[in-house]
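To start, the structure itself, in structure tokens.
Rule-based calculations on the coordinates, nothing more; no lab input. Quick caveat, the model's predicted, so the values are computed rather than measured. When we count neighbours, we look across all protein chains shown, and the Cβ atoms used for this are built from the backbone with ideal geometry, even at glycine.
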Amino acid sequence: MSYTPHTTAQRQEMLRAIGVEEVADLFADVPADHRFPTLELPPPLSEMEVLAELRELASWNAAAHEYTSFLGAGAYFHYVPSVVAAIVGRSEFYSAYTPYQAEISQGTLQVAFEYQSMICALTGMEVANASHYDGGTALAESVIMAHNIARGKRSRVLLSPTVHPEYREVARTYLQGTGIDLLGDALPSNDLEELAGQLDKNTSCLVVQSPTFLGEVLDPQRLRQLAEAVHAVGAVLVVAVDPISLGLFVPPGEIGADIVLGEGQALGNAMNFGGPFLGFFACRKAHVRRMAGRLAGQTVDVDGQRGFVLTLSTREQHIRREKASSNICTNQALNALTAAVYLAALGRCGLRRVAEICYHRAHYAAQQIGKLRGFEVLSPRPFFKEFVVRCPLAVAELNERLLEQHAIIGGFDLSATHPHLKDCTLLCVTEAIAPSEIDRFVQALAEVAR
Amino acid sequence: MAQNSENMRYAKSHEWARLEGETIVVGISDYAQESLGDIVYVELPEVDEEYDQGEAFGVVESVKATSDIYAPVGGTVLEVNEALGDDPAVVNQDPYGEGWIVRFQMHDPTQYEGLLDEAAYDEHVQEEKAKGGH
Amino acid sequence: MSEPLLSEISVPGRCGYSLPEAGVPEAEFPAGFVRQDLPLPEVSESDLVRHYVHLSQVNWAVDVGFYPLGSCTMKYNPKVNEVAAAMPGFTQTHPYQPVYTVQGNLRLMWTLQEFLKELGGFAAISLQPAAGAQGEFTGIQMMRAYHYERDDRDRNIVLIPDSAHGTNPATSAMSGFRVVEVKSDARGNVDLEDLRSKCDERVVGLMLTNPNTLGLFDEYVLEIAELVHGCGGLLYGDGANFNAIMGIVRPGDLGIDVMHFNLHKTFSTPHGGGGPGSGPVGCTEALARYLPSPIVERFRADECPGDVEGHRHTEECFFFDWSTPACSIGRVKTFYGQFGVLVRAYTYIRTLGAAGLREVSEDAVLNANYLQQLVKKTFSLSHDRHCMHEFVAIGRVEGSDVRALDIAKRIIDYGFHPPTNYFPLIVPEALMIEPTETESKETLDAFAAALAKIAEEARTQPELLHEAPHNAPVRRLDEVKAAKELILRWEN
């Protein structure tokens, strides 16, 4: 299949207009010794054949639509309303570019403006950008932003060990060569109060996550006190959140957070084996000029009609170049559209319902599993949709049996990331898991543990 | 058009400095404001902060560019023009008067003498324009 | 008539969702944890759909018309790619599933790794970076790691041509390096003398885009590589313009040490209104140890570890190799990369094959040169030499005060998306035009004809340009007001 429309005759005509004999003549500047290499690639396939090949590959996977999955840990299987695909599949959205020519990109721009608005509503913050790549890079950008807020004069960052391990890894990669020290997460027992005790005037920010990686929802009262302690030393509080949990719980904007970020995949985006995801990012209006990423702003045209444009672009790489707050160019616009449609479809009551169902079903599952011999639920209440269970056998072995014998994908093996949590699994129950499936899971656990 | 004044000097980076006793008042030149276009925001330093000659002490932002502003002479910030918070456009309208940005206490007044006088600055601007500046 | 905001069509009590009952005993919510209100819109499903359909109708897109943005490669997005990427066997897989339950995904990734290495002439590759800019960051960090391991820790300068995309200096600065600009010569190449004078033992490397943003293949690319390597530096390749050279030349063969690909440009994955993209990074054997980990590795049947063995589908098995990048710079992103985008790129490469990809580049270059010949009758070119997949024209009309911005806005009235303007910075009033290979000769002729008419209007009726666009969903927008008033969300 060729997507180029030229006929041989047209190619000839065009070559004549250019004044060359053949296309190869146009590559005269390419060093002769290296020109026109032979590429070892498999021969082309027709549509039927390529789809057959991909279907075959897809069939080798165990996927959540055919198995029941209790795996979370940063990527989630939530129900996506049908309306989302109907809208996101419109090629006027997906085959558009970044809205630099605002007059003919009002679709993309208004979508971004509405997305920003809904992220603000969800997080309780004043401004939000139009997206980062994922939760991990959003976290890295938040630390860099906190550093810039402190005008580069503070070199310490306090990081809770309960922030997703991969987010902390990404932050470390981004901070190489900057002289900023990330501290606090080496000790898994470091809790909020202990971290607060380590604050000083050389700290630019303190980063926490709620629900934590292990599923615990942090007490808003404790967070308020933490915010006070952080502000008392002139630092900023950064909070990473699960957006679905904000359907139910007090948002970080109401407890004094300065920057709020998180993984937006759960908002209507499929798990897609880890990407493309959605880093959402919000902050106080006072800091907006230090925030990286695109921003859609409201304005009017020459006739006074309301319209939207990319604004504060002078922060960005294409103008500020080496002085830009970040190098981010391409973002996750289509995933942000997806999240916007999801949030609008569920709306005020629907998102609350989703969060409630997750909460109730997860607590039901924990209660039932807690009754099983050999299994112990380790999560202190309160948790949201994930909790930790100590198992009577190694999690890898448990999960293999669950898969083979019951077509169930088990939870996250915590021994990989938390050595002190040997034989512990992190289980996730969302509104997409039917109660009967929970019961089946509990029975399956009992069977495979025998 | 440059300010016609005995006590005015300019930096190559397009800041002006007006001598007032031991202090200098600093802003950006007419050429600078015109190049930037409509100014939408000025980031001001804090009073009592210290800057070396040539160090960036603030930022001027328009829709098409964001420019650092550099201390023409090393000094301590005595005063900042808070009015620019509400109306940054005054930098475009009156760059040498109401559009002043910061007042510095100079650490080394001899640095002021080393700055460009009006004639030398005008020549510098002509050179930049010839090179293809806006 | 502008489309109302969701907040403006929201009515309290309206409901557009469908959810089951919890179906389990309800657990108590912890006191003080529950939020008072959640100010999200309340709209019916039909209102929601109409709202977004209306918004889609005021959006330009490749599927609407010609989109000649330089260096963006706005080519047609094949629909078969969308069908492939939507298969639930792919979309419903979780990144932390045991490796033996995602052999399909891993095989796809491994094969794509091989394809990209072959196309670029590289020994190793990572599919992890989420976009070109992140690929650049990855490459620069790898270069730092390379010098560090050699105890060469005083190198802190990155050389960047003055024609470079803004992400290049931004990436270098965020990595803690100083940027030194290298001039372009009169023919648009990197000025070798300038480069020679700036190459020294403080240089980490040079970031080279080739073809560059002027659309020109550097006539001295081999000399550049020699100079940079000669002073101990490395050569980074910005692969944004790879669409011009598939099957024509392999950057790895020219001395590029590490390069990012832009799958959303060259490999036809949709731009999405600004993303998601994908920026895999290929490199030489010497740099492979610094790649972000994990890489996908393939094993023969007799080497497959026990837990995978029972789930083999062919004579091979695949998994994540954490050890090959022995000195990995670390993760640049969570999980493994933009998998959904990788599926589309894989499908594209399988659809075209080697000959098809070469034809893509040939036609991209053919189209650009043909259009260049037409456009130069109206606007002068930045460089009058054969271009690659794009070229730069100067947006000025003799006898008129119109500028590139006005010309761009008037192009909208003629039913085309404007080219990139004001970039590259080294050409004043630049119009950077990249037609791509999926545009027909008729479209190119029509575009050139429109430009000619616009130039005529510039002379006779310049206000048509100054006040353009006239036929767009909104007229020219006040960017100053937007930046001053900073309304970044709706009123609750």
Separation in nanometres of the label points that stand 7 Å from Cα toward Cβ, at B:Lys129 and C:Val34: 7.0 nm
Those residues of segment C:294-330 whose amide nitrogen sits under 12 Å from the label point placed on A:Ala394, 7 Å along Cα→Cβ: C:306-307
In deg cm²/dmol, rounded to the nearest 500, the helical mean residue ellipticity at 222 nm of the protein assembly as shown, built from -39500 (n - 2.57) for every DSSP H run of length 4 or more, is -10500 deg cm²/dmol
Report the full-extension gain for the segment A:Glu126 to A:Glu56: residue separation times 0.36 nm, less the Cα-Cα distance, to one decimal in nm. 20.5 nm
Using modelled backbone amide H atoms (1.01 Å from N, in-plane), which distant-in-sequence or interchain residues come within less than 5 Å of C:Asp238's amide H? C:Leu208, C:Thr209, C:Asn210
For C:Lys198, counting only aspartates and glutamates whose alpha-carbon sits under 16 Å away and dropping same-chain residues fewer than eight positions off, the answer is C:Asp154, C:Asp162, C:Glu181, C:Asp185, C:Glu223, C:Glu226
Taking the alpha-carbon centre of each part, the distance from segment A:205-283 to segment C:303-371 in Å is 34 Å
Past the 26 Å Cα-Cα mark, which pairs from C:Lys377/C:Lys441; A:Lys385/C:Lys333; A:Lys323/B:Lys64; A:Lys201/B:Lys12? A:Lys201/B:Lys12
Based on the Cβ-Cβ distance from C:Glu201 to C:Cys327, what FRET efficiency comes out when R0 is 22 Å, to the nearest 0.05? 0.50
Stick to Cα atoms and the Kirkwood definition of Rh, then tell me Rg/Rh for chain C. 1.01
So if I place +1 on the C-beta of Lys and Arg and -1 on the C-beta of Asp and Glu, and nothing else carries charge, what would the dipole magnitude of segment A:258-329 be about its Cα centre? I want it in debye, nearest 20. 320 debye
Let a ≥ b ≥ c be the square roots of the eigenvalues of the Cα gyration tensor of segment A:1-127; is it rounded (a/c under 1.5), or, if not, prolate (a/b larger than b/c) or oblate? oblate
Could you give the nm distance between label points at C:Glu456 and C:Asp384, where each point is 7 Å from its Cα heading toward the beta carbon? 2.4 nm
Just want the answer: with Cβ charges of +1 for Lys and Arg and -1 for Asp and Glu, which residue in B:Trp100, B:Leu36, B:Val25 is farthest toward the dipole's positive end in segment B:8-105? B:Leu36
Please name whichever of A:Pro161, A:Gly135, A:Asn269 sits farthest to the positive end of the charge dipole of the protein assembly as shown, dipole taken about the Cα centre and charges placed at Cβ: Lys and Arg +1, Asp and Glu -1. A:Asn269
5 angstrom amide H check on C:Thr93, placed H, neighbours 5+ away: A:Ala64, A:Asn272, A:Phe273
Ordered by residue, what ³J(HN,Hα) values in Hz, to whole numbers, does segment A:343-349 give under the Karplus form 6.51 cos²θ - 1.76 cosθ + 1.60, where θ = phi - 60° and Gly and Pro are x? 5, 6, 5, 6, x, 3, 8
Using each residue's phi in segment C:347-362, evaluate 6.51 cos²θ - 1.76 cosθ + 1.60 at θ = phi - 60° and report the 3J(HN,Hα) Karplus result to the nearest Hz, with x for Gly and Pro. 4, 4, 5, 5, 6, 9, x, 4, 5, x, 5, 5, 5, 4, 5, 4
If you take the beta carbon distance between A:Phe36 and C:Glu21 as r and set R0 to 51 Å, what does 1/(1 + (r/R0)^6) give as a FRET efficiency, to the nearest 0.05? 0.20
Give the Debye-formula value of log10 I(q)/I(0) at each listed q (0.14, 0.18 Å⁻¹), with one equal scatterer per alpha carbon of segment B:11-134, two decimals each. -0.55, -0.93
As a test of understanding, state the convex hull volume per residue of segment C:80-350 from its alpha carbons, in Å³. 127 Å³
Have a look at C:Phe319, C:Ser7, A:Ile438 and report the one farthest towards the positive end of the charge dipole of the protein assembly as shown, computed about the Cα centre with Cβ charges (Lys/Arg +1, Asp/Glu -1). A:Ile438
Estimated dipole of the protein assembly as shown in Debye, rounded to 20 [Cβ of Lys and Arg +1, of Asp and Glu -1, Cα centre]: 2240 debye
Please report the antiparallel percentage of DSSP beta bridges with both residues in segment A:83-342, rounded to the nearest 5. 45 percent
What FRET efficiency, computed as 1/(1 + (r/R0)^6) with R0 = 35 Å and r the Cβ-Cβ distance, is obtained for C:Ser2 and B:Glu34, rounded to the nearest 0.05? 0.55
Relative contact order (percent) for segment B:8-105, with alpha-carbon contacts under 8 angstrom and 6 or more residues of separation? 32 percent
Here the alpha-carbon Rg of segment C:148-251 over 2.2 N^0.38 Å rounds to 1.03
If I model a spin label at C:Tyr148 and B:Ala119 as a point 7 Å from the Cα along the Cα→Cβ vector, what separation in nanometres do I get? 5.5 nm
Starting from a Cα-only point model with no solvent, please compute log10 I(q)/I(0) by Debye for the protein assembly as shown at q = 0.08, 0.10 1/Å. -0.83, -1.33
Whole-angstrom gap from segment A:386-402 to segment C:77-96, using each part's C-alpha centre: 29 Å
For segment C:1-44, the dipole about the Cα centre with charges only on Cβ (Lys and Arg +1, Asp and Glu -1), to the nearest 20 debye, works out at 40 debye
Considering only chain A, what is the antiparallel percent among its DSSP beta bridges, to the nearest 5? 55 percent
Surface/4 of the Cα convex hull for chain A, nm²: 28.2 nm²
Using Cα-Cα distances under 8 Å and only pairs 6 or more residues apart, what relative contact order does segment A:230-357 have, in percent? 24 percent
What length, rounded to one decimal in nm, is gained on full extension from A:Leu378 through to A:Ser82, with 0.36 nm per residue of separation minus their alpha-carbon distance? 102.9 nm
The ³J(HN,Hα) series, computed from each phi in segment C:422-436 with the Karplus coefficients 6.51, -1.76 and 1.60 at θ = phi - 60°, rounded to the nearest Hz and given as x for glycine or proline, is 6, 8, x, 5, 7, 10, x, 6, 6, 10, 9, 10, 10, x, 6
Taking 0.36 nm per intervening residue step and subtracting the Cα-Cα distance, what contour gain separates A:Asp439 from A:His231 on full extension? 70.2 nm
5 angstrom amide H check on A:Gly307, placed H, neighbours 5+ away: A:Thr299, A:Val300, A:Asp301
